[in-house]
Amino acid sequence: MANVSLSTDELKKALLFVSLSTGVIGGLVGLVRHYAFGADATAALVIGLVSGASWAVLFSIWAFRRPWTHGWLAWSTGRPIIHGVWFGHLDTSYEAHDESVGKRIPIAFVIKQTFLSYSLLSYTERQDSVTLAETLDVDDKHSTVHLRYMYRFQIMRATERKQTTGAGELKLIEGGRKLKGHYLTDSPTHGSAELVFVQREVDGIDTFNAVRELYIAKFPPASPTRAPT
């Protein structure tokens, strides 16, 4: 997760978070020094703010580098949570002679997120891909969140072997529990994608089958109903 991805608004929110943390921590330190140790109120406040700035920076560095899984941090900074395991399908033009969308392919995402960066790995039964760049765009005016990314994968077929790149745009919907949108590649193929959230824990999950098993365990297929005799 080396790519830092912050918009101007998100940088402002991060600075506001650090500033508020400085005020809160500094105020608490000042109150303790004043009431518990009898220090002069002005001196206690000044020392508290200096201490608060140091502790706020350290706390922010810790918070912003951690996996982005805490709702209160997401709310206070305006940075939505997409960290976790996702499973769904592509409706794609892959292998279609007329480029029409008709084939459905199961797909899995493992997204690792901190405040500063993202890493998105996608898996199908036949190939894996890795993202080259990712952004998470938040539109406060319309209350929408879009995940945009570019990725690379290898086509390894008997009749074709090449490296391919693609791009996707997915909208975070239904309270952050679903990603839905479209994609295209230079192979060329295109289509739509829809994935549902499975779980936040991502450690050790790095194959399509691992994600599919988690998905089936959380969303077991409905048992066929028997016709009345």
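The values are calculated or read from the model by the stated rules, or taken from the named source; none is laboratory data. Keep in mind that this is a model prediction, so the values were computed, not measured. Note that we place each Cβ from the backbone using ideal geometry, even for glycine, and neighbour counts take in every protein chain shown.
A few comments on the model shown:
- Meets criteria (without any contact (Cβ under 8 Å) to a residue 40 or more places away in the chain and either more than 17 Å from Val85 (Cβ to Cβ) or among the acidic types (Asp, Glu) (or both)) for Leu170: no
- The condition of being over 23 Å from Glu213 (Cα atoms), in contact with a strand residue (DSSP E or B) (Cβ under 7 Å, 6 or more places away or on another chain) and not hydroxyl-bearing (Ser, Thr, Tyr) holds for only one of Trp62, Trp68, Trp86, that being Trp68.
- Residue match in the stretch 135-149 (condition: closer than 16 Å to Leu179 by Cβ and touching a helix residue (DSSP H, G or I) at 6+ places or on another chain (Cβ under 7 Å)): no
- Enumeration of residues in the stretch 172-204 that are among the charged types (D, E, K, R), under 21 Å from Phe219 (Cβ atoms) and not in a strand (DSSP E or B): Glu174, Arg177, Arg200, Glu201
- Of the residues making up the stretch 93-150, those that are over 23 Å from Arg200 (Cβ atoms), in a loop (DSSP other than H, G, I, E, B) and touching a strand residue (DSSP E or B) at 6+ places or on another chain (Cβ under 9 Å) number 10.
- Residue check for Thr124: among the β-branched types (Val, Ile, Thr) and over 21 Å from Lys13 (Cβ atoms): yes
- On inspection, Asp128 fails the criterion of being among the charged types (D, E, K, R), more than 20 Å from the chain's Cα centre (by Cα) and modelled with pLDDT of 85 or more.
- Residue within the stretch 68-84 that is assigned to a strand (DSSP E or B) and β-branched (Val, Ile, Thr) present: no
- For the stretch 1-18, the condition holds for at least one residue, the condition being that it is in a helix (DSSP H, G or I), polar (S, T, N, Q), at pLDDT below 75 and surrounded by fewer than 17 Cβ atoms within 10 Å (Cβ to Cβ).
- Qualifying residue in the stretch 110-121 (condition: under 17 Å from Leu16 (Cβ atoms) and of a type in the set (Ser, Thr, Tyr)): no
- Flag if Lys103 is of a type in the set (Lys, Arg), within 30 Å of Ser21 (Cβ to Cβ) and modelled with pLDDT of 85 or more: no
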